[in-house]
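Student: Below is a structure I'd like to ask you about.
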Amino acid sequence: MTSTGHFLTGISIGILCLPKNSTKIRRAAHLSVFTILSIIPDLPFQGWGHGNKYYFSHSLFVNLALILVLLIPFLLFAGLRRKIGGWRVLLGAPLAWLSHLLLDALYNTGFGVAIYWPVSAARLILPVPWLSLSQGPLYPFNLANLKIVAIETVTFLPLLLLAVLIRRSNILQRMDGSS
């Protein structure tokens, strides 16, 4: 998998969680944070990411524990919640982060994601036939990897378009009760 699907999903969730009346700079920062959140399980830290064969960094329990630790200050202090954009951001951020685990399970890797580690050795495998892993490093590009990026874009771009459509339709404002 390339990061294309993760980025598009993170940005889509970020668009749905954008605080009202954000400045252009704040919108850019907000969407950047949601994009980063969507790739956290793949960040190249020691004992983390794909070099660890999806165990630690792709475990639902490990990720939920990290998310909870990071969210505690925002849960406890309303001022911090308001500063980041409120409950929608507070709920959307973990969703962007955890979307990574689900998306990785969609790829036909043959071994799945150890989402239940360390509680169980079971792996989550939900292969979508047209999604496949990149052939070696993405850069420099080769035709096989360009095809994979194109397929991921076609697969996940509708999420982004749907998020923009929902955002522009005022559905979220009606759900907030602030129409």
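Student: Note the angle between two axes, namely the Cα long axis of helix 143-168 and the longest principal axis of the Cα atoms of the chain, as a number of degrees from 0 to 90, rounded to the nearest 10.
Tutor: That helix lies at roughly 20 degrees to the long axis.
Student: Along the charge dipole of the chain, which of 61, 3, 161 sits closest to the positive end, that is, farthest toward it, with unit charges on the beta carbon of Lys, Arg, Asp and Glu (+1, +1, -1, -1)?
Tutor: Towards the positive end, the residue furthest out is 161.
Student: Ok, one more. With an 8 Å Cα cut-off and a minimum separation of 6 or more residues, compute the relative contact order for the chain in percent. Present the calculation step by step, with values, prior to reporting the outcome.
Tutor: Numbers: 238 pairs, mean separation 53.6, N = 179.
The value is 30 percent.
Student: So what's the gap between the Cα centers of the range 18-72 and the range 79-141, to the nearest angstrom?
Tutor: 10 Å
Student: Explain nothing, just the number: dipole magnitude of the chain about its Cα centre with +1 on each Lys and Arg Cβ and -1 on each Asp and Glu Cβ, in debye rounded to the nearest 20. Kindly include the intermediate steps, with their values, before the conclusion.
Tutor: Details: 14 positive and 4 negative charges, 154 e Å.
I would put it at about 740 debye.
Student: Run the helix sum for the chain: -39,500 (n - 2.57) per DSSP H stretch of 4+ residues, divided by residue count, reported at 222 nm to the nearest 500 deg cm²/dmol.
Tutor: Numbers: 7 runs with 105 residues, N = 179.
Per the formula, -19000 deg cm²/dmol.
Student: Which of the trypsin sites (Lys or Arg not before Pro) found in the range 1-90 are loop residues per DSSP with 13 or fewer other Cβ atoms within 10 Å of their Cβ? Write down the numbers at each step before the final one.
Tutor: Details: sites: 20, 24, 26, 27, 53, 81, 82, 83, 88; in loops: 20, 53.
Taking the range 1-90 and a limit of 13 other Cβ atoms within 10 Å, the loop trypsin sites (Lys or Arg not before Pro) found are 20, 53.
Student: In what sequence, highest mean first, do 33-46, 113-126, 6-19, 92-105 appear when ranked by Cβ atoms within 10 angstrom? Mind dumping the intermediate values first?
Tutor: Working: 33-46: 17.5, 113-126: 15.5, 6-19: 22.9, 92-105: 20.9.
The densest-packed peptide leads the list: 6-19, 92-105, 33-46, 113-126.
Student: If amide hydrogens are placed 1.01 Å from N in the peptide plane, which non-local residues have theirs closer than 5 Å to the one on residue 112?
Tutor: Sorted by chain and number, the residues that satisfy this come to none at all.
Any read-out appearing in this document is the output of simple, stated calculations on the displayed coordinates, not a laboratory observation. Here the structure is a predicted model, which is why all the values come from computation and not from measurement. Positions of Cβ are backbone-derived with ideal geometry, glycine not excepted, and every protein chain shown enters the neighbour counts.
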